[in-house]
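The values are calculated or read from the model by the stated rules, or taken from the named source; none is laboratory data. Keep in mind that this is a model prediction, so the values were computed, not measured. Note: ideal-geometry Cβ built from the backbone for every residue, glycine included; neighbour counts use all protein chains shown.
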Amino acid sequence: MLEIKNLHTSVLDIDDSEILKGIDLSVGKGEIHAIMGPNGSGKSTLANVLMGRFDYVVTEGEITLDGESILDLRPDQRAHLGMFLAFQYPAEIPGVRPWQFLKAALDSKAEARGEEKMTVRNFSKLFDEKVGAVGINPTLVKRSLNEGFSGGEKKRNEMLQLEVLQPTLAILDETDSGLDVDALRIVAEGVNSMRSPGRSFIVVTHYQRLLNYITPDVVHILVNGKIVNTGGPELALEVEKDGYKKYLVTSEATA
């Protein structure tokens with residue numbers, strides 16, 4: 001599904017700002033990959049580059065989705081192909097309710113694919129069904145998007161977006177940041193309920209605790225802009241026990 005080869009990335013218009021220094025990563029259909037690493041290692045940069053954030057520039061390498069390069073595509077075009085990014089800190093959008101936001105997103109996706117747009121009645125039925133499925137308080141979806149939501153409510157709202165949009169590749173950027181156990185379970189239940197042979201996830205996290213609830217197929221350790229180790233779920237447990245010290249020492253020695 002997703003192939004990343006020798007990816008180098010810098011901050012736009014800033015010299016000597018290389019953050020990703022040769023990433024190689026392959027995510028197959030139906031797989032969950034966890035990207036772990038210390039603060040400042042490039043995890044969130046990788047997530048944002050995958051979705052085409054404009055203030056990063058790819059200086060070398062390639063990213064392909066289902067065999068086609070996405071490097072020249074805008075974020076909305078990548079979303080139309082089935083990509084989705086759950087933010088570390090979801091933005092509040094005053095004046096736009098979740099119903100409006102998701103109806104516009106689905107309409108845009110249908111238009112880009114040459115498909116018929118869902119009627120208001122059918123979308124309202126789908127929306128209400130998914131609100132119930134993720135357990136979000138129905139009164140919250142009457143507010144502006146994320147406005148006044150707690151951290152857990154914002155995460156539940158992102159699970160609502162996942163359920164409605166049904167992406168084929170979902171990227172979760174440190175979505176467990178600052179969450180309590182109940183909120184972590186909200187995220188995990190959302191991901192686990194959507195696991196399927198045709199849908200893949202990239203879970204970016206600093207800690208192993210989220211992976212207590214979501215069992216990844218593959219775990220990658222990202223340090224100083226490079227993937228320095230890859231393994232199974234046991235690798236996350238090793239990091240939880242020993243930390244990133246040995247990887248940091250190795251990275252400094254080879255820098």
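Some points to look at:
- Extreme residue, surrounded by the fewest Cβ atoms within 10 Å (Cβ to Cβ), among residues of the stretch 140-167 that are of a type in the set (S, T, N, Q) and more than 14 Å from E92 (Cα to Cα): Q166
- Breaking point among (1) assigned to a helix (DSSP H, G or I); (2) closer than 17 Å to A47 by Cα; (3) touching a residue at least 60 places away in the same chain (Cβ under 8 Å), for N157: (2)
- Residue tally, condition on the phi < 0 side of the Ramachandran plot, surrounded by fewer than 18 Cβ atoms within 10 Å (Cβ to Cβ) and more than 15 Å from the chain's Cα centre (by Cα), over the stretch 54-75: 13
- Answer residue from the stretch 10-26, given it is part of a strand (DSSP E or B) and free of Cβ contacts under 8 Å to residues at least 60 places away in the same chain and is nearest to L65 (Cα to Cα) among those: S26
- The stretch 56-115: number of residues that are among the hydroxyl-bearing types (S, T, Y), farther than 24 Å from N157 by Cβ and in contact (Cβ under 8 Å) with a residue 24 or more places away in the chain: 3
- For beta carbons closer than 9 Å, sequence separation of 6+ or different chains, a first residue in the stretch 42-53 that is touching a residue at least 12 places away in the same chain (Cβ under 8 Å) and a second that is part of a helix (DSSP H, G or I) and acidic (D, E), the qualifying pairs are G52/D76.
- Any hit, the stretch 130-150, residues being under 20 Å from T205 (Cβ atoms), assigned to a helix (DSSP H, G or I) and in contact with a helix residue (DSSP H, G or I) (Cβ under 9 Å, 6 or more places away or on another chain): no
- The set of residues in the stretch 199-223 that are within 19 Å of L85 (Cβ to Cβ) and not in a strand (DSSP E or B) comprises H206, L210, I214, P216.
- Selection status of M83, at pLDDT 95 or above, among the hydrophobic types (A, V, I, L, M, F, W, C), under 14 Å from the mean Cα position of the chain (by Cα) and closer than 30 Å to L237 by Cα: yes
- Condition check for G114: under 23 Å from M51 (Cα atoms), over 16 Å from the mean Cα position of the chain (by Cα) and exposed (fewer than 14 other Cβ atoms within 10 Å of the Cβ): yes
- The test for being within 17 Å of the chain's Cα centre (by Cα) and of a type in the set (D, E) holds for E31.
- Top-ranked residue of the stretch 238-255 - restricted to ones that are outside any helix (DSSP H, G or I) and not hydroxyl-bearing (S, T, Y), ranked as modelled with the lowest pLDDT: A255
- Scope the stretch 26-41; condition farther than 18 Å from A236 by Cβ, of a type outside the set (D, E, K, R) and either touching an Asp or Glu at 6+ places or on another chain (Cβ under 7 Å) or modelled with pLDDT of 95 or more (or both); matching residues: S26, G28, G30
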